[in-house]
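Please treat every number below as a calculation from the coordinates, not as lab data. Remember, it's a predicted structure, so these values are computed and weren't measured experimentally. When we count neighbours, we look across all protein chains shown, and the Cβ atoms used for this are built from the backbone with ideal geometry, even at glycine.
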Amino acid sequence: MRENRTLIRGDNLEEMRKFPDACVDLIATDPPFNSKRDYFVPYRDAHGKQPDALVKAFTDTWAWGDAAEETAEQLIVKEGGQIGAAIQGLQHFLNETPMMAYLVMMAARIVEMHRLLKYTGSLYLHCDPSASHYLKIILDAVFGPQNFRNEIVWKRRLDTHNLSTSHMGRNHDVIFYYAKSSKTPYHIQYTPYDPEYIKSHYKYDDAKGKYRLLPCTNESGGNKPYAFMGVTRAWRFSEKTMNEMYKSNLLVQLRDGGPFYYKKYVSEAKGVPLQDIWADIAPVRGNDSSGYPTQKPIPLYKRIIAASSNSGDLVLDPFCGCGTTLVAAEELKREWIGIDLTYLAIGVVKGQIEKFFPQLRNSVTITGTPENAERALALAKSDPRGFEEWAVTHVLKFKSNPKKGADGGIDGSYTFPIGKVKGRQAYGKMAAQVKGGTWTLGQIRDFRTAMQNVKADLGVFVVTREPTRGMLDEVRRAGTYQIEAGGFTISVPCLQIYQIQDYFRGVLPQLPFGERGLL
């Protein structure tokens with residue numbers, strides 16, 4: 001079983017299959033919605049004032065193909081039962097469409113989520129109206145309709161002027177809440193009273209604040225004036241408690257011989273028990289934003305986690321994105337595991353955890369990324385783009401270049417402070433290029449030209465094979481770069497070749513100081 005605070009880079013279906021049965025207390029996740037869109041992360045250099053760039057985060061577009069066909073067959077033949085019948089019925093209705101491909105992908109993962117949950121576990125699945133009606137069929141088939149608890153409607157924006165000439169404004173997401181069994185616990189949550197409710201119900205004031213009067217009687221309930229007044233329900237207290245309340249001026253008799261009322265103060269009221277329409281949680285703003293597309297507010301997932309888990313429970317998010325569920329779980333003292341397919345997302349999650357919990361900087365375990373040179377070389381061969389993303393974002397900790405295929409030889413960049421120039425903080429720029437296969441002297445020269453074009457002061461050329469003498473000579477011709485830091489002058493090469501094998505030997509590139517420290 002994975003340990004607490006683990007991020008797993010990989011296909012969540014394959015990764016969840018590695019987990020033992022009934023090991024997770026709560027799954028709260030926000031998967032793709034089948035929105036037929038590509039999503040991009042706005043990226044602004046941490047040190048500079050450059051305009052935002054857009055880095056592609058994930059594609060939420062689906063197509064029917066061999067993989068979908070194979071997964072559907074497994075669900076129908078291997079899983080069978082209600083989920084097999086549901087997939088057959090949906091396929092008969094939807095045919096081999098992108099929606100069916102999306103539903104097959106989700107169904108296989110929902111089956112695994114159900115297996116992972118303890119008998120007392122819960123699932124909260126975030127979606128939108130484009131596919132929620134189909135997803136509920138799948139959830140009913142896997143969890144059983146008797147274990148459906150709520151269809152929560154979350155209003156995404158509290159103030160909106162969403163205008164369309166063809167339909168009403170679309171301003172809500174759906175969150176399905178399912179229990180694993182009738183033994184699944186639920187902790188009632190409360191929301192504050194509406195000011196108008198307080199005004200109309202809490203009509204009295206004294207030194208302790210605003211209060212309302214509620215009828216009460218002793219435990220026997222035999223107070224005849226209640227029947228006379230038509231009161232059908234009264235709060236019952238013991239004789240001792242009522243005597244203490246009376247001495248404390250918490251009991252009131254509006255007329256002699258009449259019933260007793262007790263004072264219930266606003267400050268003592270828990271609020272309104274949580275309902276299934278949530279219109280009180282604002283979208284992500286300010287410091288909470290990671291810039292990740294589709295990011296949800298942390299209070300939204302704190303509410304979910306508080307309602308359906310206890311301190312120390314294990315929370316899983318198999319589509320962890322930028323890590324909202326994981327941040328919320330950490331705040332509420334739950335253990336957590338997150339899974340995502342992209343290196344970019346894993347890097348964003350780690351950054352979010354470190355931003356909100358600096359003390360955990362070295363406490364997050366990342367798996368699914370190359371742990372040795374052999375695995376790194378295998379990744380370079382099987383997935384060149386994934387190798388590039390990993391090398392740029394995880395090894396160098398640069399930002400990935402969004403303009404893939406037309407980048408002029410720049411795969412990543414990083415901005416670093418160089419001190420005051422004319423009284424203002426100035427910055428230098430580093431550029432990187434990654435070559436997972438063969439490379440030539442000409443490509444080194446092309447990279448030097450690309451550095452000049454983007455006005456980069458320093459360059460790192462990441463490779464998997466040793467350079468030739470001619471390549472090293474070309475690097476030396478680029479010269480050195482000097483920077484003042486802490487009263488010292490640091491000299492680093494303007495261009496360096498960095499062999500990825502050195503990363504696993506503990507040898508890091510020679511880069512200047514920045515907010516991250518010396519790499």
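Expressed in nm², what is the orientationally averaged projection area of the convex hull enclosing the Cα positions of the chain?
35.5 nm²
Output the relative contact order of the range 373-505, whole-number percent, from Cα pairs under 8 angstrom with separation of 6+ residues. Don't skip to the answer; put the middle values down first.
Numbers: 212 pairs, mean separation 26.9, N = 133.
Taking the mean separation of contacting Cα pairs over the length of the range 373-505, I get 20 percent.
What Kirkwood radius, in Å to one decimal, follows from the Cα pairs of the range 106-223? Walk me through the numbers on the way to the answer.
Values: mean 1/r = 0.0536 Å⁻¹.
Kirkwood hydrodynamic radius for the range 106-223: 18.7 Å.
Which of the trypsin sites (Lys or Arg not before Pro) across the range 354-406 are loop residues per DSSP, with 14 or fewer other Cβ within 10 Å? Intermediate results must be reported in sequence, preceding the final value.
Details: sites: 355, 361, 375, 381, 385, 397, 399, 403, 404; in loops: 361, 397, 403, 404.
Counting only loop positions with at most 14 other Cβ atoms within 10 Å, the trypsin sites (Lys or Arg not before Pro) in the range 354-406 are 361, 403, 404.
Given the pairs 136/296; 180/333; 155/199; 199/270; 155/302; 296/355, which span a C-alpha to C-alpha distance of over 24 angstrom in this model?
Check vs 24 Å cut-off fails for 155/199.
For the range 373-505, rounded, prolate or oblate, judged on the Cα gyration tensor with a ≥ b ≥ c (square roots of eigenvalues), a/c < 1.5 rounded, else prolate if a/b > b/c?
prolate
In the range 417-468, which trypsin sites (Lys or Arg not before Pro) fall in coil by DSSP and have 15 or fewer other Cβ atoms within 10 Å?
Loop-located and lightly packed - 422, 455, 465.
Using a Cα-Cα cut-off of under 19 Å, which lysines could be cross-linked to residue 422, ignoring same-chain neighbours fewer than 8 residues away?
49
Give me the number: length gained by fully extending residue 381 to residue 66, i.e. 0.36 nm times residue separation minus the C-alpha to C-alpha distance, one decimal in nm.
Between residue 381 and residue 66, full extension yields 111.1 nm more.
Where does the charge balance sit around residue 461 when Lys and Arg score +1, Asp and Glu -1, over other residues with C-beta under 12 Å from its C-beta?
+1
Largest first and in whole Å, what are the equivalent-ellipsoid semi-axes of the range 289-382 based on the Cα gyration tensor, each being the root of 5 times an eigenvalue?
26, 14, 12
Using 0.36 nm per residue of separation minus the Cα-Cα distance, give me the extension gain between residue 360 and residue 310 in nm, one decimal.
Length gained between residue 360 and residue 310: 15.9 nm.
To the nearest 500 deg cm²/dmol, what mean residue ellipticity at 222 nm is calculated for the chain from DSSP H runs of n ≥ 4 alone, each contributing -39,500 (n - 2.57), summed and divided by the residues?
One gets -8500 deg cm²/dmol as the mean residue ellipticity at 222 nm.
Determine the relative contact order of the chain: mean sequence separation of Cα pairs under 8 Å and six or more apart, normalised by residue count, in whole percent.
So the answer I get is 15 percent.
Take each complete run of DSSP H in the chain, measure how far its Cα atoms stretch along the helix's own axis, and keep only those covering 30 Å or more with mean Kyte-Doolittle hydropathy at least 1.6; list them.
Long hydrophobic helices here: none detected.
Please find the FRET efficiency linking residue 374 to residue 119, where r is the Cβ-Cβ separation and R0 is fixed at 51 Å, and quote it to the nearest 0.05. List each step's numbers first, then the result.
On the way: r = 41 Å, r/R0 = 0.81.
Calculated transfer efficiency: 0.80.
If the chain between residue 490 and residue 95 were fully stretched, how many nm would it gain, using 0.36 nm times the residue separation less the Cα-Cα distance?
Details: separation 395, 0.36 × 395 = 142.20 nm, distance 6.42 nm.
Residue separation times 0.36 nm, minus the Cα-Cα distance, leaves 135.8 nm.
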